[in-house]
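Report on the structure given below.
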Amino acid sequence: MKQRVLLASNRGPVSYHFGTDGTLRGQRGGGGLISGVTSGLAGMTAESEVTWVCAPFSDADRAAARRQDGGDTRDVAQPAGLSGPAGVRVRMLDIAPDTFDRAYNNVANSVLWFVHHLLFDTPNQPQFGPEFRRHWQSYQAYNEAFATAMAAEARADEARVPVRALIQDYHLSLAPRLLRDQLGRQQRTTGDLRIAHFSHTPWAPPDYYRMLPEQAGRAVLAGILGADHAGFHAARWADAFLDCCEAILGAQVIRSQARGAAQAGWVLYDGHATEVAVHPLGIDAAALRARAGAGDVRDHITALSQAARGRKLIVRVDRTELSKNIVRGLAAYRELLAAHPEWHGQVVHLAFAYPSRSAVPEYRAYTELVERTARQVAAEFRTPDWEPVLLEVRDDYARSLAACTLADVLLVNPIRDGMNLVAQEGPVLSQDGCALVLSREAGAAATLGPDALLVNPYDVSETAAALHQGLAMPDDERRRRSAALAATAEASPPARWLGDQLAALDR
Ligand code: F6P
């Protein structure tokens with residue numbers, strides 16, 4: 001008997017648009033979560049029937065959701081492969097635009113993301129007034145919509161096959177408890193349903209987390225504790241979650257004594273036990289290398305090599321998020337050039353900063369600041385035959401892979417990051433070994449730290465010194481470190497990340 005896996009995430013593996021003939025056409029969705037989960041699912045559809053529940057980002061998504069709900073999928077074109085070998089059924093929810101906007105932009109991205117990444121300009125922000133309370137109601141309604149859809153999917157199995165719900169990220173922190181409650185109310189035993197929640201972000205320490213209005217802060221924690229298993233990318237985030245459960249909810253926390261073990265501890269709350277564990281998400285190296293071998297990536301490698309004209313390359317690839325710390329990265333590059341004139345004309349900084357969450361005003365302002373800072377650094381140092389900074393803001397995945405392949409130094413300096421995939425992809429793709437300058441505040445620092453050049457992301461001078469060290473690193477040391485980084489990234493492939501969570505649910 002196949003088990004059923006219900007995956008839930010805000011962004012789904014497919015998005016829709018209307019074709020010129022008015023039909024709905026699907027295309028693959030993007031983002032780190034999507035590629036990691038999709039790759040993790042690939043090997044498990046033989047023993048599981050997988051349904052992926054996700055939110056609508058557009059009117060076309062909503063139209064697809066309504067047709068699906070009405071059982072009419074005749075002219076909903078699925079992207080090739082989506083219903084192919086992976087065998088994943090996508091269930092797009094019909095959530096009203098206002099509800100989605102407030103839940104996603106106003107609560108998830110403007111409040112919860114800011115809390116977990118310590119991003120608030122605290123003398124001025126946040127201000128939790130009546131408007132926040134209205135936004136919070138939408139966040140609740142959005143989480144209810146997911147829980148209701150998952151409960152319906154779980155109930156659909158009259159044969160009572162085991163159901164495993166894997167709920168992703170800060171958008172869906174209330175959903176685990178809501179799902180458990182819904183099925184409990186409908187008197188379906190939850191014994192054959194097991195729920196996991198995974199946080200792809202860092203988790204805030206209690207003193208910062210306390211900034212949330214008490215009811216919301218407690219609801220987020222209690223919501224995740226509706227799950228049987230709560231996963232994090234790094235032990236720091238799992239420990240911070242345990243700290244918040246203890247300090248804010250007054251829950252009973254039992255910490256695992258074996259440091260380095262996947263299990264961080266247990267939380268007993270409201271008559272239910274939740275296991276808290278660490279599952280670092282690494283790279284599907286074979287798939288990544290295969291993608292990097294494609295013609296479009298090879299063309300970009302040729303073009304970038306010509307643009308570099310034999311100079312060393314410092315590469316960064318990020319979405320333009322406040323947490324990615326792109327402006328301090330540019331300031332560090334400026335300091336490198338000011339302190340080490342020997343690099344003038346010898347190095348180019350390829351900074352790929354792709355658009356993200358432009359509905360949030362702080363993101364729009366930050367994007368402008370990134371562009372202004374890059375222009376200033378370029379204007380200060382450029383010569384007639386040397387362009388020191390190449391900032392690219394147009395998203396191009398193939399070009400990003402090409403840049404990682406060529407990088408001498410990869411700069412990954414987030415203020416905080418749940419994990420960070422670029423830090424892992426860079427060494428896997430690297431042609432001749434890259435030195436990794438890595439923020440100690442990225443979850444990936446826990447695994448990659450020994451072979452990276454770790455920096456305090458707020459310390460621009462330290463980052464500049466690490467860039468210099470990376471550029472000057474002897475070839476054999478750079479290759480050795482890069483190979484070790486790649487091996488670490490490959491050691492936790494997505495299939496293992498997902499499999500470990502499912503195995504934990506079955507224990
Ligand atoms: O990087 C953390 C993360 O939560 C990912 O898990 C997810 O892919 C992304 O952020 C969400 O971004 P977006 O707002 O573009 O969907």
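Assorted remarks:
- Helix 59-69 vs. the chain, principal-axis angle (Cα, 0 to 90°, nearest 10): 30
- 3J(HN,Hα) along region 409-426: 10, 10, 9, 10, 10, x, 4, 7, 7, x, 9, 4, 7, 4, 4, 8, 5, x Hz, from the Karplus curve 6.51 cos²θ - 1.76 cosθ + 1.60 with θ = phi - 60°, whole Hz, x for Gly and Pro.
- Per-selection Rg to Rh, the chain - Cα, Kirkwood hydrodynamic radius: 0.97
- Centre separation in Å (Cα based) which lies between region 363-428 and region 458-507: 18
- Over the chain: helical MRE at 222 nm, DSSP H runs n ≥ 4 each giving -39500 (n - 2.57), nearest 500: -13000 deg cm²/dmol
- Comparing 356, 268, 249 along the charge dipole axis of the chain, the residue lying farthest to the positive side is 268, per the Cβ-charge model.
- Out of every Cα-Cα pair that region 225-274 contains, those further apart than 14 angstrom amount to 46 percent.
- Applying 1/(1 + (r/R0)^6) with r as the Cβ-Cβ distance of residue 156 and residue 380 and R0 = 51 angstrom yields a FRET efficiency of 0.25.
- Label-point separation, residue 338 to residue 392 (7 Å along Cα→Cβ), nm: 2.9
- Of all DSSP beta bridges confined to the chain, the antiparallel ones make up roughly 25%.
- Volume per residue of the convex hull around the Cα atoms, evaluated for region 376-507, comes out as 142 Å³.
- Taking the charge dipole of the chain about its Cα centre, with +1 at Lys and Arg Cβ atoms and -1 at Asp and Glu Cβ atoms, the residue from 503, 201, 454 reaching farthest to the positive side is 503.
- Alpha carbon convex hull of region 449-507, volume per residue in cubic angstrom: 106
- Student exercise, the chain dipole from Lys, Arg, Asp, Glu Cβ charges, in Debye to nearest 20: 500
- A convex hull fitted to the Cα coordinates of region 203-353 yields 185 cubic angstrom per residue.
- P(r) weight above 16 Å for region 295-346, C-alpha pairs, percent: 58
- Cβ-defined net charge surrounding residue 491, 15 Å radius [Lys, Arg +1; Asp, Glu -1]: -4
- Computed extension gain for residue 59 through residue 261, at 0.36 nm per residue and net of the alpha carbon distance, reaches 68.2 nm.
- Cα→Cβ-extended label distance, 7 Å offset, between residue 495 and residue 125, nm: 4.3
- A cut-off under 15 angstrom between Cβ atoms defines the neighbours of residue 248, and their net charge, with Lys, Arg +1 and Asp, Glu -1, is -4.
- FRET E, pair residue 487, residue 47, Förster distance 30 Å, beta-carbon r, rounded to 0.05: 0.55
Here, each number is a calculation from the coordinates, and none is a lab measurement. From a predicted model like this one, the values you see are computed outputs, not experimental measurements. Methodologically, a virtual Cβ is constructed for each residue, glycine included, from the backbone with ideal geometry; neighbour enumeration extends over all protein chains shown.
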